[in-house]
Amino acid sequence: MGTGRLPWEIVETLPWSDADELADYDAKAAAATTDHDLVHHLVAASLLRYWAPSLGLRSDGAATTARRRADLDRAMALAEANGEPDVVTTALLGHLYADWGPPAVETRRHLLDRLDTLRPTVTEQELRVRIVEWLVLDRFDAGDLGGVRRVIETFLIEADGLDSKLFTRREILWRANLAMLEGRIDEAVRMNEEAIASTADLAGSPFSFQNVAITMAIAGYLRRSLHDLVGAVRSILASSPRVETNWEVGLTFTLSEIGELDECRDRFDRLAANDFAAIPRDLNWLVATQLLGLVAVTLDDHDRATVLLDQLRPFADLDATHGSGYASYGPVGRTIGLLAATTGDRTTARRCLDAVLHRRSPGPWTSLARADRARLLVDHEPATALAEADQAERELRAFGLDDRAADAHDLAVDLRLRGAGEPIAHRSGGTWTLRHPTGVTDLRDGVGVTHLVELLRRPGTPVDVLDLDAEVDPSLSRVSSAESVLDDQARAAYRARLRTLEVLTEPSAAERSEIALLRRELAAGVHVTASSAEIEKARVRVTTALRRTLDTIADDAPGLGAHLRDAIVTGRRCGYQPVDGVGWRIER
């Protein structure tokens, strides 16, 4: 078009504070003699006007916004009348860049469809590359990581031969964000730092540093290590007037995550004035509002949660993506689910968290949503909550998010102690809690409980008393001579009858008693004739301790006591032989 290159990057990254440049484009637009030139200059002025209100270049921000949109509409009408692909593409891209923010989200898909259709006919290479950039962002916003990869490959084809380090940086930052979203956190931070360091002079050092800080903050949130960044966030806030409000949000969020709730609440109250009217509805709005939503959840602020829930609801299917896709705070639907739960709307909370888990690829944010759903279902669907908590723990641990995994683990333990899942023996401090379908009891830690837990840990496995008794000299020989008290025929008959009874799915009380009797007879059917005195003492100590513990349990929880008396075998070799074959989960 012969009018020079358009300053597309100004909206996202490049610093700008030159009012004369804006006046120059306005003058060029007024003097333009062709549709080509006029569209170009109108779009350029609209790009520059994006940040004008926050830079103080216009006293009336609403008027500046209205002028920007009027110029964009005028450019679009001229381009449509002209019909040339490059002119139409310039106007369409102008709308995407210069009206970047929540008001334009609903129309973005229509614009992108048109641009992707136009792309093969566009002659200017940079315009084609810009189209693909927006397609990448669209896939990031949708949480479609496979789609992101495919469009990045298209980007590389379109950008081939285009001499711009900024495009190379763009690709690396996208791949770094992919790594973060997939749980390769250290790799994501390293790629982001390297890409920014090599191009900071081109993209603006202050804003490049902020890009790195955001990536590190996301890693810090996932790893619960934001304490390390609070100083940096304060510094950026103090030195970034163009995006001051966004970093005020970032600091408020950081304070909420590190437990500095008094200062957090004060800052949150200021930001919440007039239903959060201070948050500019620009390209950073969705991320900022998502973070404020997480703060409201942490503060358990029902009123503000309701306001933020209403504001975020239209964006439930999107991710909160920074800029053109260099970082992400994950699915907005997760935050909406947490806000809905905070307000008491379990139906909306469940629907939103279900949707996140259904549509997203595996990654830390998906696993966090899984843990969130487990907490939501604790009281109403404990079995489902337990399965989700166990899976969330496995996933989060695989991503190296040990603190988050520990939360999921604690939730799963609590659900088991409430009666969900397999039997559990859990020690907290000096007390063991034993939970089984037949009953629950609390026991002070001691020798007998220690022996019992070891047997519960290994159902069906004989355990030598020498492996249980801490008083035994470990060098003591375990060999002794013995002869059977039962003859071979009796022993065979006892074993055959026991096998018959053990396969019963619901044995009667009499059958359970017979099972216990047969086990005791078989265990006691060996008469030691040449046993070490120390071994015999160990057998007596272990048996006595176990029986005392079982008596204590029976006094507090008769059903559980009866189950354990039937299933615990004592003697030289002890064991837990449950009729149902179900073992216990041991949590120390």
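The values are calculated or read from the model by the stated rules, or taken from the named source; none is laboratory data. Since the model is a prediction, treat every value here as computed from it, not as a measurement. Positions of Cβ are backbone-derived with ideal geometry, glycine not excepted, and every protein chain shown enters the neighbour counts. Protein only, heavy atoms only, side chains kept; ligands, DNA and RNA dropped before computing areas. Shrake-Rupley method; radii C 1.70, N 1.55, O 1.52, S 1.80 Å.
Structure data summary
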| quantity | calculated |
| --- | --- |
| Residue match in segment 234-241 (condition: touching a helix residue (DSSP H, G or I) at 6+ places or on another chain (Cβ under 6 Å), modelled with pLDDT under 95 and among the β-branched types (Val, Ile, Thr)) | yes |
| Residues of segment 405-440 that turn out to be of a type in the set (Lys, Arg) and either open to solvent by less than 40 Å² (accessible area, probe 1.4 Å) or under 17 Å from Ala392 (Cα atoms) (or both), as a count | 1 |
| Enumeration of residues in segment 441-464 that are part of a strand (DSSP E or B) and open to solvent by less than 60 Å² (accessible area, probe 1.4 Å) | Thr441, Leu443, Val463, Asp464 |
| Residue count for segment 18-58, restricted to those that are touching a Gly at 6+ places or on another chain (Cβ under 9 Å) and at pLDDT below 80 | 3 |
| Residues (open to solvent by 10 Å² or more (accessible area, probe 1.4 Å), among the aliphatic types (A, V, I, L, M) and free of Cβ contacts under 8 Å to residues at least 24 places away in the same chain) located in segment 334-388 | Leu357, Ala387 |
| For Leu299: the one exception among (1) under 25 Å from Pro364 (Cα atoms); (2) at pLDDT below 95; (3) of a type in the set (A, V, I, L, M) | (2) |
| From Arg190, Arg242, residue being of a type in the set (D, E, K, R), part of a helix (DSSP H, G or I) and open to solvent by 30 Å² or more (accessible area, probe 1.4 Å) | Arg190 |
| Meets criteria (touching a strand residue (DSSP E or B) at 6+ places or on another chain (Cβ under 9 Å) and within 30 Å of Thr366 (Cβ to Cβ)) for Gly419 | yes |
| Residue check, Ala79 hydrophobic (A, V, I, L, M, F, W, C) and open to solvent by 30 Å² or more (accessible area, probe 1.4 Å) | no |
| Cross-chain or 6+ apart pairs with Cβ under 6 Å, segment 548-559 first and surrounded by 17 or more Cβ atoms within 10 Å (Cβ to Cβ), then among the charged types (D, E, K, R) | Leu550/Arg565 |
| Any hit, segment 150-166, residues being open to solvent by 30 Å² or more (accessible area, probe 1.4 Å), touching a residue at least 60 places away in the same chain (Cβ under 8 Å) and under 27 Å from Pro7 (Cα atoms) | yes |
| In segment 309-321, the residues that are open to solvent by less than 20 Å² (accessible area, probe 1.4 Å) and of a type outside the set (Val, Ile, Thr) | Leu309, Leu312, Phe315, Asp319, Ala320 |
| Meets criteria (at negative phi, part of a helix (DSSP H, G or I), touching a helix residue (DSSP H, G or I) at 6+ places or on another chain (Cβ under 7 Å) and open to solvent by 10 Å² or more (accessible area, probe 1.4 Å)) for Leu396 | no |
